[in-house]
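What follows is a set of notes on a single structure, which appears directly below.
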Amino acid sequence: MMTTFIKAISATPGKPAGSSRATETAAKLIDTTTCIGCKACEVACQEWNNQQVTFGNFEGTYQTLPDLAHNFWNLIKFHETELDGQPLWLMSKYQCMHCVDPGCLKACPAPGAIVQYSNGIVDFNSDACIGCGYCMTGCPFDVPKLNPETKKVQKCTLCTDRVSVGLEPACIKACPTNCLSFGTREDLLRKAEDRVAVLKSDGFGTAGVYNPTGVGGTHVVYVLARADQPESYGLPKNPQIPWTVSIWKGPLKWLGNALLIGGILGTFLHYLRYGPQDPE
Amino acid sequence: MDLKTPNESRLTRFSVSERVVHWLVALSFLYTALTGLALWSPRLYWLASVFGGGTTVRGWHPWGGLLFVLVFASMFRNWRSQMSLDRDDRHWLRKAHHYAVHDYAALPEAGRFNAGQKSLFWMQSIFGILLVASGVVLWWPEIMPRLLRELAVLAHPVAAMISIGGIILHIYMGTAAVPGSFRGMIQGWVTPGWAASHHPKWYREHVESTGTTRAHSR
């Protein structure tokens with residue numbers, strides 16, 4: 001069993017009770033160098049979360065869908081590229097990154113619709129979600145998707161229901177090559193570094209860990225053979241919460257509130273000081 | 001109150017259609033502004049409860065904005081030609097601080113609309129367009145390109161802040177600050193004395209053209 005507290009709540013100032021307590025973290029490691037693109041994780045995710053997706057037409061790729069969907073939270077991206085004249089076929093599992101500094105939570109205007117647990121999982125609560133879609137703009141990974149029927153935004157929960165009772169996430173359970181592992185973020189970052197060292201000694205000089213610092217680090221970390229170009233895997237090179245979102249939720253909020261209160265108070269004070277213009 | 005046959009001491013300030021359009025603009029603006037404020041700050045999220053809850057507010061706020069822009073377009077068409085700023089108006093704006101402290105001797109005389117009202121008209125037009133353009137992007141985030149969404153989340157609140165700020169001033173001017181002006185927009189008439197002191201050019205034009213103090217709006 002994993003003890004968790006709520007660390008941050010969308011549109012709710014201040015820190016929730018217990019948020020400062022250190023608890024074990026939950027994280028995923030995706031070693032793309034041993035992924036065989038079997039999609040067992042996709043199936044396990046759909047099965048566990050009891051979701052069905054309608055498939056489109058065959059687009060000449062092994063990829064199940066062009067992008068994540070509101071009812072498809074785990075997608076293996078297939079990328080064909082070239083390295084030193086040699087064809088390279090890259091596969092990487094794509095899902096919510098569970099950022100340490102989540103842009104979705106920052107952008108959300110509905111109190112309680114997005115929470116971050118002390119184990120690092122970022123989760124959406126449909127009952128408080130109003131379907132505005134601001135999280136879709138706040139997220140630099142384009143992960144949250146709007147369900148057109150319910151008008152609620154949905155994404156990977158890092159199987160918080162399983163993790164909270166001591167089970168590993170469904171995708172990890174299903175992986176046949178052990179390219180996916182589950183553990184604390186600290187352990188997995190160490191494990192990732194070890195793997196990178198092995199890859200480097202095997203001649204992959206460009207191998208590295210993908211744990212983007214622009215969002216404070218993530219609870220889903222990757223080992224990439226070509227860490228110098230994460231875009232080849234469909235991962236953003238330097239993901240950051242959009243600066244417009246940061247200004248909007250930062251200085252602009254104070255300026256706007258000051259203007260609103262100042263405007264109302266200012267006109268009232270003007271009336272007290274100068275009174276009405278020559279009354280009839 | 002018989003508005004069909006105003007007596008000699010009543011000048012028609014705003015026609016019925018002008019007033020209907022003005023109040024449609026006002027109500028749609030008020031609804032859209034208050035529901036927008038609910039989503040602006042967690043401290044104002046209680047406004048969402050007043051208007052039916054967060055999901056309802058998210059669903060209807062854009063429609064309120066759409067209604068606003070449609071009725072505003074009608075108001076814009078009616079008043080645009082009367083709102084151009086002439087030399088006196090520009091002079092008036094430079095001396096606006098005298099207006100704020102009731103020192104009218106330093107100010108050029110105003111026509112049917114004074115330079116402050118004209119400025120508000122253009123300000124609301126410009127920021128109204130910005131609000132609608134960014135609002136459409138925020139309405140359907142699932143089909144809008146990322147760059148537009150990132151700009152819209154900033155442009156929408158900035159435009160709303162200026163627009164709401166202008167309206168706070170407008171409501172103050174139209175009610176407490178200038179006695180008699182609210183009746184002009186509700187019942188549609190003002191007294192000759194009010195017209196002569198607040199909009200002397202408009203008043204004189206009218207007396208000259210009709211030879212009476214009976215005024216007609218355009």
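Filtering the stretch A:1-34 to residues that are more than 18 Å from A:Ala113 (Cβ to Cβ) and aliphatic (A, V, I, L, M) leaves A:Met1, A:Met2, A:Ala17, A:Ala22, A:Ala26, A:Ala27, A:Leu29, A:Ile30. Kindly indicate the residue of the stretch A:140-188 that is at the interface with another protein chain (Cβ under 10 Å from one of its Cβ atoms), buried (at least 17 other Cβ atoms within 10 Å of the Cβ) and not β-branched (Val, Ile, Thr) and also farthest from the chain's Cα centre (by Cα) among those meeting that condition. By that ranking, first place goes to A:Lys152.
Which residues, taken from the stretch B:165-183, are touching a helix residue (DSSP H, G or I) at 6+ places or on another chain (Cβ under 6 Å) and within 7 Å of chain A (Cβ to nearest Cβ)? Walk me through it before giving the result.
Pass one, the stretch B:165-183, residues touching a helix residue (DSSP H, G or I) at 6+ places or on another chain (Cβ under 6 Å): B:165-166, B:168, B:170, B:172, B:174-176, B:180-182.
Across the stretch B:165-183, the qualifying residues are B:Gly165, B:Ile168, B:Tyr172, B:Ala176, B:Gly180.
Is at least one residue of the stretch B:180-201 at pLDDT below 90 and of a type outside the set (Asp, Glu)? Please lay out each step first, then the result.
First pass over the stretch B:180-201, keeping only residues at pLDDT below 90: none.
There is no residue in the stretch B:180-201 that is at pLDDT below 90 and of a type outside the set (Asp, Glu).
How many of the residues making up the stretch A:64-92 are farther than 19 Å from A:Gln229 by Cβ and part of a loop (DSSP other than H, G, I, E, B)?
Going through the stretch A:64-92 one residue at a time, the tally reaches 9.
Filtered by the rule that a residue be buried (at least 17 other Cβ atoms within 10 Å of the Cβ) and more than 7 Å from chain A (Cβ to nearest Cβ), the stretch B:184-195 gives B:Gly184, B:Met185, B:Gly188, B:Trp189, B:Val190, B:Pro192, B:Ala195. Residue count for the stretch A:234-280 satisfying the condition of being more than 8 Å from chain B (Cβ to nearest Cβ) and of a type in the set (S, T, N, Q): 3.
Of the helices (runs of 4 or more DSSP H) entirely within the stretch B:53-159, those holding at least 3 residues that are within 23 Å of A:Gly256 (Cα to Cα), within 14 Å of chain A (Cβ to nearest Cβ) and modelled with pLDDT of 95 or more occupy B:54-79, B:115-139.
A:Ala27 meets all of the listed conditions (1) buried (at least 16 other Cβ atoms within 10 Å of the Cβ); (2) without any contact (Cβ under 8 Å) to a residue 60 or more places away in the chain; (3) touching a Gly at 6+ places or on another chain (Cβ under 9 Å) but one, namely (2). The one condition from (1) surrounded by 18 or more Cβ atoms within 10 Å (Cβ to Cβ); (2) touching a His at 6+ places or on another chain (Cβ under 8 Å) that B:Ala160 does not meet is (2). Could you grab me the full set of residues in the stretch A:211-262 that are under 30 Å from A:Lys191 (Cβ atoms), in contact (Cβ under 8 Å) with a residue 24 or more places away in the chain and not in a loop (DSSP other than H, G, I, E, B)? The answer is A:Gly214, A:Val215, A:Thr218, A:Val220, A:Val221, A:Tyr222, A:Val223, A:Leu224, A:Ser232, A:Tyr233.
So for the stretch A:40-60 (the condition being within 20 Å of A:Tyr233 (Cβ to Cβ), without any contact (Cβ under 8 Å) to a residue 24 or more places away in the chain and assigned to a loop (DSSP other than H, G, I, E, B)), does at least one residue qualify? Lay out the reasoning, then the answer.
The first filter runs over the stretch A:40-60 and keeps only residues within 20 Å of A:Tyr233 (Cβ to Cβ), leaving A:40-42, A:45, A:59-60.
Checking the rest, the ones that are also without any contact (Cβ under 8 Å) to a residue 24 or more places away in the chain come to A:59-60.
After this cut, where a residue has to be assigned to a loop (DSSP other than H, G, I, E, B) as well, the list is A:59-60.
Yes, the stretch A:40-60 contains at least one residue that is within 20 Å of A:Tyr233 (Cβ to Cβ), without any contact (Cβ under 8 Å) to a residue 24 or more places away in the chain and assigned to a loop (DSSP other than H, G, I, E, B).
Only one of the numbered conditions (1) out of contact with any Asp or Glu (no Cβ under 9 Å at 6 or more places or on another chain); (2) within 30 Å of B:Ala155 (Cβ to Cβ); (3) away from chain B (no Cβ under 14 Å) is not met by A:Asn57, and that is (2).
Here A:Gly133 clears all of (1) at pLDDT below 95; (2) touching a helix residue (DSSP H, G or I) at 6+ places or on another chain (Cβ under 6 Å) except the condition numbered (1).
The values are calculated or read from the model by the stated rules, or taken from the named source; none is laboratory data. As the structure is a prediction and not an experimental result, all values here were calculated from the model. Quick reminder, even Gly has a Cβ in these numbers, built from the backbone with ideal geometry, and neighbours come from all protein chains shown.
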